[in-house]
Every structure is written in C-alpha cells, then in structure tokens.
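Notes to accompany the following structure.
The values are calculated or read from the model by the stated rules, or taken from the named source; none is laboratory data. Since this is a predicted model, take the numbers as computed values, not measurements. Ideal geometry is used to build each Cβ from the backbone, glycine not excepted, and the neighbour counts take in all protein chains shown. All accessible areas refer to the heavy atoms of the entire protein, side chains included, with ligands and DNA or RNA removed. Shrake-Rupley method; radii C 1.70, N 1.55, O 1.52, S 1.80 Å.
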Amino acid sequence: MSGGGVHFAFTNRWGGVSAAPYEQLNLGGAVGDDPAAVLRNRELAAHSLGIDPGRVVWMNQVHGKDVAVVDGPWDSGTEIPSVDGVVTARRGLALAVLTADCTPVLLADPEAGVIGAAHAGRPGMVAGVVPETVEAMRKLGAEPERIIARTGPAVCGRCYEVPDAMRAEVAAVEPAAHAETSWGTPAVDVTAGVRAQLERLGVRDLAGSGVCTRESADHFSYRRDRTTGRLASYIWLD
Ligand SMILES: [Zn+2]
C-alpha cells in the first residue's frame, strides 16, 4: 500500500531462512531463534520492500505506552529503549513493529511528513499506547484528521478468549473491545479497541488487514503455537 509518499507493509511467515518452529521469516530477535537467521530475515524482508535494512527502527516492546521520537536507528552499542510506540519526521527511515497476535498500528500524516508505529496488544491498547503515539505525532506537526491509519494481521475478537473478569476490565476502559469467541466465551477485540480510540481522536482514514493470525496458517500466532516467530509491520515515507 502506498500513497502520498507513504508506504505500509506487512510480512507473513514465508520467504525467510529460519527453521521450525520459527519458519520461515521470523523477524523477532527475542523469541529463541538463531540470531543469524533473524538478521538474514531482516535483510531479506528489507530488500523485498526496497528499503535499507540499516534504516529500520526496531523497538524493545514491553506492552507499555511509552513512545520515542527518533530521527535515525538507535546508536549501536546502546540499549534499545523499552517503548511500544515510535514516531519520526525523517523521510527514508522505516519504523517497524513486531507481533504475533497483538495489533500493529501504522500511522501517517503525509502532508506533515510525520509517521508513527505502535505495538498494541491488550495491555498496550488499554494503557493507551495508540493515543500516545498520535499525540507524539501531533507534537511534530501531524493532525489527526489527516492521519492515515492501518492495522495489520492480529488475533481477531472471535479468537481471543479471556477470562470474564479480564473482558470486563478491558471493556470498562474501551467498550469497543468487548467481544465473544466463535465458541461463545468472553473475548477481547484489540483491533476494534484501537479503531475506536483513533476515531475518537478524529482519525477518519482507517483500514485493517482483515487477517486473523490465529486462523491464518500463513502468519505467526502466539496464542495458537506459543513458541513461534514474529511478523513485522513497516511504515516509511519516501
Ligand atoms: Zn480469529
């Protein structure tokens, strides 16, 4: 997907070099896979997208709501900050989110030349990492009414079973996330929660991938497989 110089890209699990249970294109470095395979996969993914693998910003995701403003990749040798949102006004710099059921959220105001990426699992959605990311973009000149928002492959509300009390806790913060599994038990729809949060902020151009990771054999799913790889979602401006 692209338009106004902005590019959104979502990987699936194919086209990489990782062995089972991470086969094939595992892009996550903290899941037990061979680091050399992950590095090679990140190169392969970047080349297939036509971007420089050295110009991709990866987060140390911790299910929080902190957001970092960046203008380049992290300095090598320094610890990668624990954030679940990252924004930039730097063209040619790609922001990446790692997921295997959580909702990756990509945001762009092409007119302002500002982009953002957020990792929104259930805790992050409840904590408000997506509104925090939009706020960080606003500080760089973005306006919610101009933001293009895209969510990537994630476990759907009909698959994400949780205890009844947890659903109640989540729905008390974000009613739109209240869901039920296809087998009739309490569930949470994180993507629906993210969409509701964005709509309240004034974001109008919203679309999702429509892919449920748990149901798709072409995607990594933590809830389905436990030990598995990570997908990546990338956003960048020309
Ligand atoms: Zn599903």
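Quick look at the numbers
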read-out	value
The chain: calculated mean residue ellipticity at 222 nm from DSSP helix runs of at least 4, using -39500 (n - 2.57)	-7000 deg cm²/dmol
Under the span-like rule (Cα at least 20 Å along the axis, Kyte-Doolittle mean at least -0.5), DSSP H helices of the chain	35-49
Label-point separation, N60 to R204 (7 Å along Cα→Cβ), nm	4.1
Long-range amide H partners of N60 with built H, under 5 Å	V83
Neighbour net charge for K65 - beta-carbon separation under 9 angstrom, K R +1, D E -1	-3
Over segment 12-91: Rg over Rh, Cα atoms, Kirkwood Rh	0.98
All Cα pairs of the chain, percent lying beyond 21 Å	53
Relative contact order, percent, segment 1-134 [alpha-carbon distance under 8 Å, six or more residues apart]	19
Rounded FRET efficiency, nearest 0.05, which uses the C-beta distance separating D218 from A168 and R0 of 45 Å	0.85
Segment 2-237, accessible surface, carbon-and-sulfur percent (1.4 angstrom probe)	48
Accessible area in square angstrom per residue, the chain, 1.4 angstrom probe	43
Full-stretch length increase - E111, N12 - with 0.36 nm per residue and alpha-carbon distance subtracted	32.7 nm
